[in-house]
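See structure below.
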Amino acid sequence: MADFTGKSILLVDDDVDLLTGLVFQLKRLGFDTVTAETQRDGERLIDETTPDIAVFDLMLEHLDAGFTLCHRMKRKHPGTPVILLTGVTAETGLEFDTVTADERSWVKADAMLAKPIRFEQLQREIERLL
Amino acid sequence: MIEIEVNGRTVEAEPGEMILHALQRAGVKVPTLCHIEDLAASGACRICVVEVEGRPGLVPSCAFPVAPGMKVRTHSQRAVAARQTIVELLLANHPDDCLYCIRNGNCRLQGLAEELGVRQRRYVGMKDEYKLDISSPSIVRDPSKCILCGRCVRVCEEVQAVGAIDFIGRGSQATVGTAFNEGLNVSSCVNCGQCIKACPTGALAEKTYIREVLAALQDPEMVVVAQHAPAVSVTLGELFGVAPGTDIDGVMVGALRQLGFDYVFDTSFTADLTIMEETSELIHRIQGGGALPMLTSCSPGWVKFIEEFYPEFLPNVSTCKSPQQMMGAVIKRFWAERMGIDPGRVFSVSIMPCTAKKFEAERPEMGEEGLADVDAVLTTRELAQVIRQRGLDMAAAQADTADTPFGERSTAGKIFGATGGVMEAAVRTAHYMLTGRELDDLAIPVLRGLEGRKEATVKIGPTEVGVAVVSGLGNARTLLDELRDGRRDLHFIEVMACPGGCISGGGQPIDVDLSAVRGRMQALYTLDAGGKMRTSHANASVLRLYEEFLGEPLGHKSHELLHTHYAAREEVVR
C-alpha cells in the first residue's frame, strides 16, 4: 500500500458522511487530514495551512464554490495539486472536464472525479499527482 | 406442426410456441421493443400486438401461444393504430433531444416513430427528470431516456447473472436503477456493457474517451500509441457498410495512422505473450500443485464478477494481466525506454470491443508510480465515430501494417476474439511446451462455436487435461456453482464475460443479429486456417522480447510487468 506518512491533505465537502469515510481511508494511507464543510471554511484553511494536495467538492453554499476554491488554492499554493470531486453532472446535467488545455485554463484542477467514487480511484489520482 | 392463418396466408407453427416465433420464421415482420431472442417473453411494451379473430382485444404476439386454425392479422388498422399510440405515449415523456443523443440515427424508438409515421405530439406528458449517472468509467446511464422496456434488466440478470440494475419504484415512479439508486460505479456492475447493446434508446451508453484521445493527438508533446484488439478488425467494417465477417485489419491500421497515431500495435501480439505466460502458469500449477482449475483472466468483466460474487475462487484466477494491460505495460516500461521516449510523454490508447476494458485500464493494479499502463480505451463504436468525424473514407483508405516490435502476431493470438480462442491457443502451446512437438492438427473444433459452454478432455502427451470454455456470465455462474459443489475433473477454464466472447462485446455495434457475430467468428477462424504462424510460441517477436528483456515466462521481469493479483471487493466510501 502506498505510504503518505508526513503528507497532509485538505478536504472540503459538505457531505459529512463522505468526508468521514475519506478521512478514515486517507489516514490509513498515512495522510494528515484537514477538513472543512463550507467554501468559507475551505478558503480560510487554504490561507492558513499548506497542504500537499487538496480535494474539493464543487457545489457547496455556492454552486461554483469548488471552482473558486481551486483558483484560490492555485494562487496561494501554485504547485499544489488539486482534485475536484463532484456530482455536478448528476445534479445539473452539466459536464465539466480537465481534458483540454482550454478547460484547464479556467477549471484550475488537475483532475476531476465524478461522484460516487470508489476510493481506489481517488487514491490513484493522488498517487499520480504527488 | 399445426397450421395458423396469418394475413390470409397459411403458416406452420409449433404447438405451444408464441405467435411471434411463428411470424418471424414465416418472414412476417412485426415490430418488437422489449423482446429478447431466447428469453421468455415479458410482454412489457405491447408493440408487437396483433389481432386474433374471435378475441375481443389485441394480443401481444410475443406472449400469446398459437392454436390450431388461429387467424392472425398483423397489420390491421387496429393493430397499427395501437402501435402508433404506444409509441406516441412513450414519446410523451421522452426527452426531445434526439439531435444530441448518442443513439441519433440508431435508436429503436426513433426508428419506430418513423416507421409508424408518428408526426404529431398528440399527448403532452410530464417529462421525467432523472439524474445522469456518469460515475462509472465504462457506462453512462441516463434514466430520463429509459422507456422501461426492461431489456437491460433482463440481460443483466438472466443472461449475465449479475443483477446490478432492476426496476425501482412503482407506477409512474418506476425507473431502472442500482441498489439504493447509487451510481453504477459503486454497484456490482461488472461493466460488460451488454445492457448498452440491449437498450433501444440512449438510456445506456459507453463512457466516451474520444475527447481525451483527440486532445492527446493534438498535443505535439505526446507520443500517441494505439493497440487494437483481435475482434475489432473483423467488426469495424460493419459500421462502414462492409459485410459482416470481413477483416479490414490493414485498412483500419491505415486509418489509425491517418488519424495521427504515431505508432500502431496489435493486441494479438500480447495475446501471444499472454499464452506464453498463462500456459506456463497452467503447467506450473498442474505439476506443482497450485490452485486448479485455473481460470483465465483476460476478460475484465469476468474478473470483476469473481471479485464481486465468487471471491473464494480468486486463487484460481490466472495472475496474468489481460493482453490489453500486458501491451500497456510493455509499451511504457520497455518500448518507451528502448525508443528513448519519456514514458510520461506516451499516451497509450487501446481500441477494444469492450466497455469493461475502460474500467480495467483504470484499475490501480494496472500501472506503476502513478503512471497508468493504458491511458484511454475506445470501443469499436467510438473508433468508428472518430473515423466518421474526421471524414476518413474507409473505402479509399491505404492499407498498412502494424509497427514492430509489437505488430507481429500468430493467428492463435488473433482467435482470442472468439469464445474458445484463448483455450485453443493455450492447448496448442501447452502441447508444444510439454511434448516438444506441435499438435498434429492445430484446429480444435470442439472448442469452437457460439455455445455458452464447451467442454473437452485434451490429451497432451501422457497427460489428460480437462478443459471448459464458457461465455456469458450466467453460464460462468452455473459452472462456478458446480465447482463449488465439488466438481474436480477440470484443469483449465476459459471464461469470457460476453456471450460469444469479444466479437460480441459490449463495445461492438448495436442492433445486429447473431449472423453478424457468426460472421466475425468465421473471419477469425478463416484467418487462422490460412495463417502462416498459428501458434503463440512461434511468434518470433514474442521470443525476441523474452530474449532481450523478459528472460523467461514466469520470470522476475514477467512477474513485475505482466502479472497481478485481484482481491475481493469492499466498498467503504461512496
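Taken together, the values in this text are just the output of simple stated rules run on the coordinates, not laboratory data. Just so it is clear, the structure is predicted and the values come from calculations on it, not from any experiment. Here Cβ is always computed from backbone atoms with ideal geometry, including for glycine, and neighbour counts include all displayed protein chains.
Observations, loosely collected:
- Checklist (1) on the phi > 0 side of the Ramachandran plot; (2) under 34 Å from the mean Cα position of the chain (by Cα) applied to residue B:47, failing item: (1)
- Total residues in the stretch A:93-119 satisfying the condition of being in a helix (DSSP H, G or I) and surrounded by 15 or more Cβ atoms within 10 Å (Cβ to Cβ): the figure is 2.
- Qualifying position, being away from every other protein chain (no Cβ under 12 Å) and assigned to a helix (DSSP H, G or I), among B:162, B:153, B:176, B:213: B:153
- Condition met for residue B:108 (over 18 Å from the mean Cα position of the chain (by Cα) and surrounded by fewer than 22 Cβ atoms within 10 Å (Cβ to Cβ)): yes
- Scanning the stretch A:74-92 for residues that are within 11 Å of chain B (Cβ to nearest Cβ) and part of a strand (DSSP E or B) turns up A:85, A:86.
- Number of residues in the stretch A:105-123 that are under 16 Å from residue A:7 (Cβ atoms) and facing chain B (nearest Cβ under 7 Å): the value is 1.
Condition check ((1) surrounded by fewer than 17 Cβ atoms within 10 Å (Cβ to Cβ); (2) in contact with a Gly (Cβ under 8 Å, 6 or more places away or on another chain); (3) over 15 Å from residue A:84 (Cα atoms); (4) of a type in the set (Phe, Trp, Tyr)) across all residues:
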{"residue": "A:11", "(1), (2), (3), (4)": "no, no, no, no"}
{"residue": "A:23", "(1), (2), (3), (4)": "no, no, yes, no"}
{"residue": "A:28", "(1), (2), (3), (4)": "yes, no, yes, no"}
{"residue": "A:37", "(1), (2), (3), (4)": "no, no, no, no"}
{"residue": "A:41", "(1), (2), (3), (4)": "yes, no, yes, no"}
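- Listed by position, the helices (runs of 4 or more DSSP H) contained in the stretch B:329-437 that have at least 1 residues being under 24 Å from the mean Cα position of the chain (by Cα) are B:356-362, B:380-389, B:411-414, B:421-435.
- In the stretch A:9-63, the residues that are among the β-branched types (Val, Ile, Thr) and more than 19 Å from residue A:126 (Cα to Cα): A:16, A:38
- Of all residues in the stretch B:450-505, those satisfying the criterion of being in a loop (DSSP other than H, G, I, E, B) and free of Cβ contacts under 8 Å to residues at least 40 places away in the same chain are B:451, B:461, B:462, B:485, B:486, B:487, B:488, B:489.
- For the criterion of being without any contact (Cβ under 8 Å) to a residue 60 or more places away in the chain, over 28 Å from residue A:86 (Cα atoms), surrounded by 17 or more Cβ atoms within 10 Å (Cβ to Cβ) and over 30 Å from the mean Cα position of the chain (by Cα), residue B:124 fails.
- Any hit, the stretch B:117-130, residues being within 12 Å of chain A (Cβ to nearest Cβ) and farther than 21 Å from residue B:300 by Cα: yes
- Taken over the stretch B:132-150, the criterion of being charged (D, E, K, R) and in a loop (DSSP other than H, G, I, E, B) is satisfied by B:142 alone.
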